[in-house]
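Worksheet: one structure, shown below.
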Amino acid sequence: MKQLSTKVTSNGHGQDSSYFLGWEEYEKNPYNEIKNPNGIIQMGLAENQLCFDLIETWLAKNPDAAGLKKDGQSIFKELALFQDYHGLPEFKKALAEFMEEIRGNRVSFDPSKIVLAAGSTSANETLMFCLAEPGDAFLLPTPYYPGFDRDLKWRTGAEIVPIHCSSSNGFQITESALQQAYQQAQKLDLKVKGVLVTNPSNPLGTMLTRRELNLLVEFISSKNIHLISDEIYSGTVFGFEQFVSVMDVLKDKNLENNEVSKRVHVVYSLSKDLGLPGFRVGAIYSNDEMVVSAARKMSSFGLVSSQTQYLLSALLSDKNFTSTYLNENQKRLKIRQKQLVSGLEAAGITCLKSNAGLFCWVDMRHLLDTNTFEAELELWKKIVYEVKLNISPGASCHCTEPGWFRVCFANMSEDTLDLAMKRLKEYVESTDSRRVISKSSHERIKSLRKRTVSNWVFRVSWTDRVPDER
């Protein structure tokens, strides 16, 4: 008698991929400067630990927020009692204004259209439940975040059809790739309900261009399908460029109050921009009233605690803090990313040019023994078990080209990152030395064979001529 559901007994959760297996290996042997200096350094976790000091300083100056007080008086009982799933109005207002600030106040967000969720994982899954039936498909550009195989598919029954992108144009989305993915879904007899993108991209660390965003809006308009824009890294854009949201494109095209806008949904979270994944704060923003209503009901399965909302509403309402934080966060991310890129270059490794996120998309194709995903897996195992670095292989992100890896840089100290680059450089140098030795040995053997054959030919030829001379 079958006693467990198929969801329990199947591997549909996707956590048997190398992305999650790397985490497991790290947890068995985690690096610690004092207790375990030879352990595995975690470079597979996209956490932003660069600005905790700014938040801690704010907390010290605002003890009422952390102490659940208002004007010096405890509001613990008020926050501890039942709260409905609409969320605290003051928090949703502060969150909407923070999202606007990140986008340069070019676009606005109506707090009444925000649905709170326990992180972006919950937000994305909720949207799948709202927009797709089991067996319906969403198109996702590759490479994409490995967790989507779990978040979007496991409990909802939805399917993912990849939009294959190539390094030849920096993995940008093209019209032909979109059309091919749509046609592939049709061949598989899958009903396409929408496209989901991360902007900025995880794992690429790049922003979608205006051309790509325009293309996506035009595509979903022509197909009468949805677009989900996961913008949880929107506050991590560094350098001279400003983040461009799909909301900017809707405004530019005068589609803000159009039917198309009802099929464009934004996912946001404070996990990456503020570095607060443990607070479990995510949000859905939608112009479709039915989606908002249904998602709000579903949010009862993954609410954000009232205490968390109260604390963060005070934090995000402090405009001096948010302005200082966003500027400083971007500066520190830029410096740390440059440190990673320089360390990689010292090891003879390059990466995709990027200006956002907490990671780089690293090109190690030249380190593969063969141009195959089997060789990529072997290289990944060596880096995890020998070099003691946990990085994420491109295959786990559904990249179509072997040899690419996602490497995170914001979840460790400068010294730890330097050590990681030192380990990697030593590995590459030792690998190059072995290859030189192997090549040299091969050339010597090849040369010896030539000489042996030449001598043999000479001897045979000379022997053959002796009778004639006699």
Convex hull over the Cα atoms of region 60-130, averaged projected area in nm²?
-> 6.9 nm²
To the nearest Å², the heavy-atom accessible area per residue of the chain with 1.4 Å probe amounts to 49 Å²
Listed peptides 197-206, 103-112 by packing density, highest first (mean Cβ within 10 Å) = 197-206, 103-112
Taking Cα atoms only, Rg over Rh for region 332-379 with Rh from the Kirkwood formula is 1.05
What's the extension gain from Glu345 to Thr372 if we count 0.36 nm per residue and subtract their Cα-Cα distance?
-> 7.4 nm
Tell me, what is a quarter of the convex hull surface for the C-alpha atoms of region 287-344, in nm² with one decimal?
-> 7.2 nm²
What percentages, rounded to whole numbers, describe P(r) for region 26-65 computed over all alpha carbon pairs with 5 Å bin width beginning at zero?
-> 6, 19, 15, 14, 15, 12, 12, 7, 1
For region 353-419 the trypsin sites (Lys or Arg not before Pro) that pass both the DSSP coil test and the at-most-14 other-Cβ-within-10 Å test are Lys353
Under Karplus coefficients 6.51, -1.76 and 1.60, residue-wise ³J(HN,Hα) of region 254-263 in Hz, glycine/proline x | 6, 10, 4, 10, 8, 4, 4, 4, 6, 10
Please state the equivalent ellipsoid semi-axes for region 131-265: what are the square roots of 5 times the Cα gyration tensor eigenvalues, largest first, in whole Å?
-> 22, 18, 15
Could you run the Karplus curve 6.51 cos²θ - 1.76 cosθ + 1.60 with θ = phi - 60° over region 293-308 and give me ³J(HN,Hα) per residue in whole Hz, x for Gly and Pro?
-> 5, 5, 5, 5, 5, 5, 5, 5, 7, x, 7, 8, 4, 4, 5, 5
Report, by chain and number, residues whose modeled amide H sits under 5 Å from the one on Cys351, excluding near sequence neighbours (fewer than 5 apart, same chain).
-> Asp363
Normalised convex hull volume, region 233-389, alpha-carbon set, Å³ per residue = 202 Å³
Shape parameters for region 1-147, alpha-carbon atoms, Rg then Dmax in Å | 21.4, 61
Integer Hz, Karplus 6.51/-1.76/1.60 couplings in order for region 148-161, x for Gly and Pro = 5, 4, 8, 4, 8, 10, 4, 8, 7, x, 6, 10, 10, 10
Lone cysteines in the chain, going by a 4.7 Å Cβ-Cβ cut-off?
-> Cys51, Cys130, Cys165, Cys397, Cys399, Cys408
In whole Å, what is the distance between the alpha-carbon centres of region 143-181 and region 76-142?
-> 23 Å
Considering Cα pairs under 8 angstrom that are at least six residues apart, work out the relative contact order of the chain and quote it in whole percent.
-> 22 percent
Please list, in chain and number order, the residues 5+ apart from Val192 or on another chain whose amide H is under 5 Å from its amide H, with Hs placed from the backbone.
-> Ala137
May I ask you to work out the translational diffusion coefficient for region 190-256 at 10 °C, viscosity 1.306 mPa s, via Stokes-Einstein with Rh from the Kirkwood sum over Cα pairs, reported in whole µm²/s?
-> 126 µm²/s
Can you pull out the trypsin sites (Lys or Arg not before Pro) in region 110-199 that DSSP calls coil and that have at most 16 other Cβ atoms within 10 Å?
-> Arg155, Lys191
Of the accessible area of the chain, with the probe set at 1.4 angstrom, what percent is carbon plus sulfur?
-> 52 percent
proj_area_mean for the chain (convex hull on C-alpha atoms), units nm², value 33.4 nm²
Which semi-axis lengths, in whole Å and largest first, follow from the square roots of five times the eigenvalues of the Cα gyration tensor of region 298-394?
-> 38, 21, 11
By how many nm would the segment from Asp418 to Glu256 grow when fully extended, if each residue of separation counts as 0.36 nm and the alpha-carbon distance is taken off?
-> 53.7 nm
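The values are calculated or read from the model by the stated rules, or taken from the named source; none is laboratory data. Computed from a prediction, not measured in an experiment: that's the story for all the values here. Neighbour counts run over all protein chains shown; Cβ positions are idealised from the backbone, glycine included. When the accessible area is computed, the model is the full protein with side chains, heavy atoms only, and any ligands, DNA or RNA have been set aside. Shrake-Rupley method; radii C 1.70, N 1.55, O 1.52, S 1.80 Å.
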